Amino acid sequence: MAPRNKVLMPGSRAIVEAAIRAGCSHYFGYPELGQSRIYDYMARISADAGTYVEAENDAAAIAMAQGAASAGARVMTSVSGPGLGQMHEGLSYMAGAEVPCVVLSVGQSGYSLVGVLPSQADYSGATRGGGHESNRLVVLSPSSVQEAADLTFEAFDIADRHRSPVLILADAIVSSMMEPACLPQKRKKAPPEKSWAVGERRDRRSNLITSLFLEPGALEQQTWKLHEKYREIAASEARFEEYRCKDAQVVLVAFGIVGRVARTAVDKGRKRGLKLGLFRPVSLWPFPAEAIAQHTRKAKAILVVELNTGQMVDDVSLATGRPERVHFYGRTGGSLPSSFEILHEALKWTE
Amino acid sequence: MDGVNRQNPSESGPQAPSPASRARPKVTSLTAQELHVCPGGGHAPVEGAVRDVLRDMELASRAVGVAPVACALVLFESLDVDFVAAPPGRAPAVAAGVKRARPGSVVFTFQGGPDAESTGTGDVLHAAARGEPITVIHLALAGDSPRGKRHAPSPPLAELVAAVEGAAHVERVAVSDQDGLEELRIALRRAFSVQTERKGFSFVEVTTPGWVRRGRRAGCLKEPEAS
């Protein structure tokens, strides 16, 4: 295979190009500060015979995505920060009705109106389903422009494979920063036919896409069915990166852009003779529980570093099995820790 | 999974009621499910009119209904076309998404009372403003919806939609007898034709009784005291 050229580009452009190459044919979005570059770039989908619609708000955008996805299209929408809250109902409907879709959320700080600074405070909402009943979303977190492209490209296959929405949590820095990256090759094969979708029908029964089950026992049947599906997803879609964990005394656990900063902290610490390692979850749900247990088994301490008040700590404590080893360092409100800051914190747990 | 398991339309299934004036052909767009609608609410005749028009215009095989909440959801128990259940108020947006993905399909929403007048007023107006080539069917209830009486005033939806430049066809029909039902069928035919002829957004508002709660009696309940 001929080597692919690396091109310098922002994360937002890499995400858009990867989506289009993966066969995304429909985009519905509402222009918001944090994801405005994705929203703008995505307009080029119409040059590839795709459909691009400006919705009147985020709730309408996810509803349009639900409609197009129910009709069998590969669909994407994007949102930033607190806007994700407006989409939870639509995502819940899609999860319950088993409709695939890709949502790109740019993590931005703020309780309400979106700011321009980075944040990872959507972790809890995203990984616990965020909607209603017992739904889950596959949640992926890139830490580089290359990974943003790769995960976006893969997300459409994951969504179709499991008939479930996929959420890519790209914090604001990953979406804005520029790095060289290779874009994935355009998908040659058409996406799989979806016999369950709605639309013009020739020789099939009518299809009903619903998450509403009113008959006694029907909803329980559906929730356990989805529960089993989520177990299968957990067994097959967990992703992570481990860096120098083998002999690490202190393992840093961080995702997204913080994972990049933590990796630098590991390198700086190692130069000083400190045995540091990094475990970086790439899938936030399913959380790579088995892998983190394995790679932190010998560590004396685990330091979770996040851009929030410690939303991943419980998952790490549960997975590693010894919560007394788990410690936390966080920055919030848009602030980002430096590698020295993380290193200084890690020093507390080394001998 | 090919959608939710449905019972296939039965060739010997229930016949539509026959007006004395003419014989009706055998129904082919009904399923064999039981219906769950409130007595006297006016839903069933409207549903029947939609069924009749889709059948007469031979659109059933490419029709996609989008139903949000309450009574509208029972539509997909009885009408044998593709359906998507939408969140409250979001049916026009979901319908727009379906239509954009499958432009050859005939996409309609079926929304009762508060769904379009309250929760989803913005969605209806914006779909009209964009000229989405869908058909919105709105049941304007004179009485209650299953959610109970709403006390807040609602805007006059049909008038609002008619004022939007992108709306191609807006019509209101009152249904309380057979003549009204025939007018409704004509209005639905016009609305679906606007869609099939690619003329844009169509809207039909149907005034129906809504749910008449049991135990309520007509008559004067209180009079002013004689001075």
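The values are calculated or read from the model by the stated rules, or taken from the named source; none is laboratory data. All of these numbers come straight from a predicted model, not from anything done at the bench. Cβ: placed from backbone, ideal geometry, glycine included. Neighbour counts: every protein chain shown.
Looking at (1) more than 8 Å from chain A (Cβ to nearest Cβ); (2) over 12 Å from the mean Cα position of the chain (by Cα); (3) of a type outside the set (Val, Ile, Thr), which is the one condition that is false for B:Gly97?
(1)
If A:Ser124 satisfies every condition in (1) away from every other protein chain (no Cβ under 14 Å); (2) buried (at least 24 other Cβ atoms within 10 Å of the Cβ); (3) outside any loop (DSSP other than H, G, I, E, B); (4) at pLDDT 90 or above but one, which is the exception?
Going through (1) away from every other protein chain (no Cβ under 14 Å); (2) buried (at least 24 other Cβ atoms within 10 Å of the Cβ); (3) outside any loop (DSSP other than H, G, I, E, B); (4) at pLDDT 90 or above one by one, A:Ser124 breaks only (2).
Identify all residues within region A:91-121 that are assigned to a helix (DSSP H, G or I) and more than 17 Å from the chain's Cα centre (by Cα); write none if there are none.
The answer is A:Tyr93, A:Gly96, A:Ala97.
In the set A:Thr309, A:Thr320, A:Thr350, which member is closer than 19 Å to A:Leu284 by Cβ, of a type in the set (Ser, Thr, Tyr) and surrounded by fewer than 22 Cβ atoms within 10 Å (Cβ to Cβ)?
A:Thr309
Has region A:75-97 got at least one residue that is away from every other protein chain (no Cβ under 13 Å), closer than 21 Å to B:Asp123 by Cα and among the aromatic types (Phe, Trp, Tyr)?
Within region A:75-97 (the criterion being away from every other protein chain (no Cβ under 13 Å), closer than 21 Å to B:Asp123 by Cα and among the aromatic types (Phe, Trp, Tyr)), the answer is no, since none of the residues qualifies.
Considering only region A:78-118, how many residues are closer than 26 Å to A:His227 by Cβ and among the polar types (S, T, N, Q)?
2
Looking at region A:57-67, which of the residues that are facing another protein chain (nearest Cβ under 10 Å) and touching a Phe, Trp or Tyr at 6+ places or on another chain (Cβ under 7 Å) is nearest to B:Phe83 (Cα to Cα)? If you could, list the steps in order and put the result at the bottom.
Residues of region A:57-67 that are facing another protein chain (nearest Cβ under 10 Å), as a first pass: A:57, A:59-67.
From the residues that got through so far, the ones that are touching a Phe, Trp or Tyr at 6+ places or on another chain (Cβ under 7 Å) too are A:57, A:61, A:64-66.
Values: A:Asn57: 24, A:Ala61: 19, A:Met64: 15, A:Ala65: 16, A:Gln66: 12 Å.
Ranking the qualifying residues of region A:57-67, first place goes to A:Gln66.
Considering only region A:29-54, state which residues are within 14 Å of chain B (Cβ to nearest Cβ) and closer than 19 Å to A:Ser175 by Cβ.
Those that are within 14 Å of chain B (Cβ to nearest Cβ) and closer than 19 Å to A:Ser175 by Cβ: A:Gly29, A:Tyr30, A:Ile45, A:Tyr52.
Just wondering, is there one or more residues in region A:235-256 that are buried (at least 24 other Cβ atoms within 10 Å of the Cβ) and in a helix (DSSP H, G or I)?
Taking every residue of region A:235-256 in turn, at least one turns out to be buried (at least 24 other Cβ atoms within 10 Å of the Cβ) and in a helix (DSSP H, G or I).
If a residue has to be aromatic (Phe, Trp, Tyr) and either part of a helix (DSSP H, G or I) or in contact (Cβ under 8 Å) with a residue 40 or more places away in the chain (or both) to count, how many in region A:203-233 make the cut?
Matching residues across region A:203-233 total 2.
Pull up region A:11-28, narrow it to residues that are in contact with a Ser or Thr (Cβ under 6 Å, 6 or more places away or on another chain) and part of a helix (DSSP H, G or I), then point me to the one that is nearest to the other protein chains (Cβ to nearest Cβ).
For region A:11-28, the residue satisfying everything is A:Ala19.
Quickly run through region B:100-125 and pick out the residues that are within 10 Å of chain A (Cβ to nearest Cβ), closer than 19 Å to B:Val170 by Cα and among the small types (Gly, Ala, Ser).
Scanning region B:100-125 gives B:Gly120, B:Gly122.
Only residues that are more than 7 Å from chain B (Cβ to nearest Cβ) and within 13 Å of B:Ala85 (Cα to Cα): list them for region A:198-213, please.
Once the filter is applied, which keeps residues that are more than 7 Å from chain B (Cβ to nearest Cβ) and within 13 Å of B:Ala85 (Cα to Cα), region A:198-213 yields only A:Phe213.
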